[in-house]
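The values are calculated or read from the model by the stated rules, or taken from the named source; none is laboratory data. This is a predicted model, so every value here is computed, not measured. Here Cβ is always computed from backbone atoms with ideal geometry, including for glycine, and neighbour counts include all displayed protein chains. Ligands, DNA and RNA are stripped out before the accessible areas are found, and what is left, the full protein with its side chains, is counted by its heavy atoms. Shrake-Rupley method; radii C 1.70, N 1.55, O 1.52, S 1.80 Å.
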Amino acid sequence: MEESGVITRIERQKSGAPRYNIHIDGTYRFAVHEDVLVKWSLSKGMIVDTEKMESILQEEERNKVRQTAFRYVGYKPRTLQETKRFLSGKGFAEEYVIQVVADMETKGYLDDRLFAGNWVEERRRTKGYGVAVLRQELLRKGISPTCVEEAVSRIEEEDEVAIARTTAEKRYRRLADQPWQVVERRLGQYLIRRGFSSSLVRRLLADFRKRHQEGE
């Protein structure tokens, strides 16, 4: 048999946070965020039975997950997988984590396709990384292979060559006084680690070999 009671008092918490203490039949029963208070139109005199109270508390838990997620993505852009891992790590129920992340994706707060595109542009601009490293980074962040390939496929070949050449030039300056065998090994390994293809690295090394020999 379900029990019911009447909300006899609603008071805002003194912490300054938008949270409210709910009293039923003169006794404190639970606290909710302002969003939940408004969504359920909680007010003094409202009758609350066991089923309704359970639904309110479930919504309160979802709202906690939602608020935590918004704070997390508010610091910087995140992927769907990063957000799921973070929320799960906070101990929230998987059911609410999945619901909140799905809702954020639907409303555009989480967008792996957009994230991947922006990530590629930013990392190429600030780090000078090649396609291979960018692909690995995005996959580690939980971006689907389809979205990853879509993002890196936008990179024009001439842009990849230009970035690789700029990256190689900076490194070569630090190695120019070494014998070519040393330069070739260190410069080649460095460019591969930066994510450039072996064929592109060979092309660049051929150019730098000629330049190095002319300077000897």
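Using the Cβ-Cβ distance between Tyr28 and Gln136 with R0 set to 41 Å, the FRET efficiency works out to roughly 0.20. In this simple spin-label approximation, Arg125 and Arg174 carry label points 7 Å from Cα along the Cα→Cβ vector, and these lie 2.4 nm apart.
Say R0 is 22 Å: what FRET efficiency, to the nearest 0.05, do Thr68 and Glu11 get from their beta-carbon distance? The computed FRET efficiency comes out at 0.35.
Accessible area per residue was computed with a 1.4 Å probe on protein heavy atoms; Thr27 scores about 80 Å². Label zone of Ser144 (point 7 Å out along Cα→Cβ, amide N under 19 Å): in the range 97-113 this covers 98-113. Relative contact order of the range 19-107, taken over Cα pairs closer than 8 Å and 6 or more residues apart, is 20 percent. The share of C-alpha pairs in the chain whose separation exceeds 25 Å stands at 59 percent. Largest first, the residues Phe86, Phe196 sort by 1.4 Å accessible area into Phe86, Phe196. Helical runs assigned H by DSSP (4 residues or longer) give the chain a calculated mean residue ellipticity at 222 nm of -21000 deg cm²/dmol, each run adding -39500 (n - 2.57) before division by the residue total. Highest mobility in the GNM of the chain, judged by mean-square fluctuation with C-alpha springs under 10 Å and restricted to Arg165, Arg202, Arg135, is found for Arg202. Using a Förster distance of 25 angstrom, determine the FRET efficiency expected from the C-beta separation of Thr166 and Arg85, and round it to 0.05. Calculated value: 0.10. Working from label points 7 Å from Cα in the Cα-to-Cβ sense, the Glu3 to Tyr75 distance is 4.2 nm. Mean-square fluctuations from a GNM of the chain, with a 10 angstrom spring cutoff on Cα atoms, peak among Val48, Val32, Val65 at Val48.
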